[in-house]
Amino acid sequence: MEIINVAEKFALLSGHWRPKVAARLNDQEVKLVKIQGEFPWHAHDRCEEMFFVWKGSMQLEYRHLTKTLHAGEFVVVPRGVEHRTLAAEEAEVLIFEPKDTRNTGDIVDPFFTAPMGEEV
């Protein structure tokens, strides 16, 4: 029953778009990621995905609208919905999703697809 200090964990992350597992529960993973720039369009056909902004702000784009999230806000992307994330300036984001979920969903990208299961 480890207490996790989110700020300390984010301080260990370098680079962007490489989510790392901070905790596991009920076949879910809590991942931490720093984002900046634009992520590719993708979908997760078998699961929902939750983005919680810890620091900064980010946009979540759907094909028909854009949502802006600020620190302390979160959104759940329904399964199968095409989306992408972007941030003009670096943001720190917690992602909640089932274990073994590829960060790029239904696509594989040589730059953006991160190794699964890496811990911070």
Next item on the list: May I ask you to list the residues of the stretch 3-19 whose amide nitrogen lies under 20 Å from a point 7 Å from Cα along the Cα→beta-carbon direction of ASN26?
Entry: 3-4
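Kindly provide the trypsin sites (Lys or Arg not before Pro) of the stretch 71-120 that DSSP labels as loop, not H, G, I, E or B, and whose Cβ sees at most 16 other Cβ atoms within 10 Å.
In loop regions of the stretch 71-120 (DSSP not H, G, I, E or B), the sparsely surrounded trypsin sites (Lys or Arg not before Pro) are ARG79, LYS99, ARG102.
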Next item on the list: Would you calculate the separation in nanometres between label points at VAL81 and GLU118, each defined as 7 Å from the Cα along the Cα-to-beta-carbon direction?
Entry: 2.8 nm
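Taking the mean number of other Cβ atoms within 10 Å as a proxy for protection, how do you rank 21-28, 1-8 from highest to lowest?
With the highest mean Cβ count within 10 Å placed first, the list reads 21-28, 1-8.
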Notebook entry, point to check: Going by how many other Cβ atoms sit within 10 Å of their own, how do THR68, THR101 line up, fewest first?
Noted result: THR68, THR101
Notebook entry, point to check: Which ³J(HN,Hα) values, rounded to whole Hz and listed in residue order, are derived for the stretch 96-110 from phi using the Karplus coefficients 6.51, -1.76 and 1.60 in 6.51 cos²θ - 1.76 cosθ + 1.60 with θ = phi - 60°, glycine and proline given as x?
Noted result: 10, 7, x, 4, 6, 8, 6, 4, 9, x, 7, 10, 10, 10, x
Next item on the list: Can you put HIS16, HIS64, HIS42 in order of Cβ neighbours within 10 angstrom, beginning with the fewest?
Entry: HIS64, HIS16, HIS42
Item checked: Value at 222 nm in deg cm²/dmol, rounded to 500, when DSSP H runs of n ≥ 4 in the chain each add -39,500 (n - 2.57) -> -1500 deg cm²/dmol
Notebook entry, point to check: Label LYS99 and GLN36 with points 7 Å out from Cα along Cα→Cβ: what is the distance between them in nm?
Noted result: 3.3 nm
Notebook entry, point to check: Can you list, largest first and rounded to whole Å, the semi-axes you get for the chain by taking the square root of 5 times each eigenvalue of its Cα gyration tensor?
Noted result: 20, 17, 14
Next item on the list: List the residues whose amide H sits under 5 Å from the amide H of ALA114, counting only those 5 or more places along or on another chain, with H placed 1.01 Å from N in the peptide plane.
Entry: ASN103, THR104
Margin query: As a test, work out the antiparallel percent of DSSP beta bridges whose residues both lie in the chain, rounded to the nearest 5.
Written below: 95 percent
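Laboratory data are not the source of any read-out in this text; all were calculated from the coordinates shown. What you see is a predicted model; the values in this text were computed from it and never measured. Cβ: placed from backbone, ideal geometry, glycine included. Neighbour counts: every protein chain shown.
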